[in-house]
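The values are calculated or read from the model by the stated rules, or taken from the named source; none is laboratory data. Since we're looking at a predicted model, the values are computed, not measured. Because the Cβ atoms are built from the backbone with ideal geometry, glycine has one as well, and the counts that use them run over all protein chains shown.
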Amino acid sequence: MPKDPAHDLADDTPTLAGFDGPAHVAIIMDGNGRWAQARGRPRLFGHHAGARRVREVVECCPRLGIKYLTIFAFSTENWKRTQVEVAGLMSLFRRYISRELRALNAENVRVRFIGDRVRLDAKLVQLMDEVEEITRCNDRVHLTVALNYGSRDEVARATKRLAQDVADGHLKPADVDEETLPRYLDTRVLPDPDLVIRTSGEARISNFLLWQSAYAEYEFIDTLWPDFSAAELERLCRSFGTRDRRFGAVAK
């Protein structure tokens, strides 16, 4: 697909001055169902509202200096929800990806998906593959969507691949260290997140990027995801810039 002329303008977006913000933000987008129920609507109404919120967040990333954005869309545990809700979510993912592809590509956004694709519908997987291929040369923002993702599942799959390489003689057991496993994770081409945000008032990480977030800063906020705004993201990024990140060392 030819690049849109907007590509030539995208990288000129000025970033906010005066704070050292996160380069990689990961978000657990929680609260869609409660947002809908508070309005007397079905849970899927909230999921549709949450999907629309993603666009606003992606669009404000360059201004905030965010190069990488990773969002938790559907977990390996979400299959436990009702068949109606799961089917509705899968339909929403297909429609959202198809609808947003042109705009994301025009805005120079590279899209990736992490998670186990085996259980997903073949048409959805084909669409995911197409989006990744079409946007693979984009580099303004790297949007990663965690779909049928669970961090324990990711580590288990990575360990199997690592073990197979050892068995095949491509890797010596003595050479395996903490730098080895990340090369087998779904996120192997991404930097670790600097800031992880969870919306909706829940203070847990729910099996999201467990390995990658070892030294991330966390923000647990009460805002339900459909109400999350660019202004709130900016506030959290500014707060991140005030933190003393020592990574286990002693402050000078």
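A search for C-beta distances below 7 Å between a residue of the stretch 110-125 that is under 25 Å from Arg140 (Cα atoms) and any residue that is of a type in the set (S, T, N, Q), counting only pairs 6+ apart in sequence or on different chains, returns Arg110/Thr135; Arg110/Asn138; Val111/Thr135; Arg112/Thr144; Ile114/Thr144; Ile114/Thr187; Gly115/Asn148. Among the residues making up the stretch 133-165, those that are out of contact with any Phe, Trp or Tyr (no Cβ under 6 Å at 6 or more places or on another chain) and closer than 17 Å to Arg99 by Cβ are Ile134, Thr135, Leu143. In this entry, Ser98 passes the filter for residues that are modelled with pLDDT under 95 and either more than 21 Å from the chain's Cα centre (by Cα) or among the hydroxyl-bearing types (Ser, Thr, Tyr) (or both). If you go through the stretch 20-41 and keep only what is in a loop (DSSP other than H, G, I, E, B) and at pLDDT 95 or above, you end up with Pro22, Ala23, Met29, Asp30, Gly31, Ala38, Arg39, Gly40, Arg41.
Do you know which residues across the stretch 135-151 are of a type in the set (Gly, Ala, Ser), farther than 17 Å from Ala51 by Cα and either out of contact with any Asp or Glu (no Cβ under 8 Å at 6 or more places or on another chain) or part of a strand (DSSP E or B) (or both)?
Within the stretch 135-151, Ser151 is the sole residue that qualifies.
Restricting the stretch 157-184 to residues that are exposed (fewer than 12 other Cβ atoms within 10 Å of the Cβ) and among the hydrophobic types (A, V, I, L, M, F, W, C) leaves a set whose member that is nearest to Lys80 (Cα to Cα) is Ala167.
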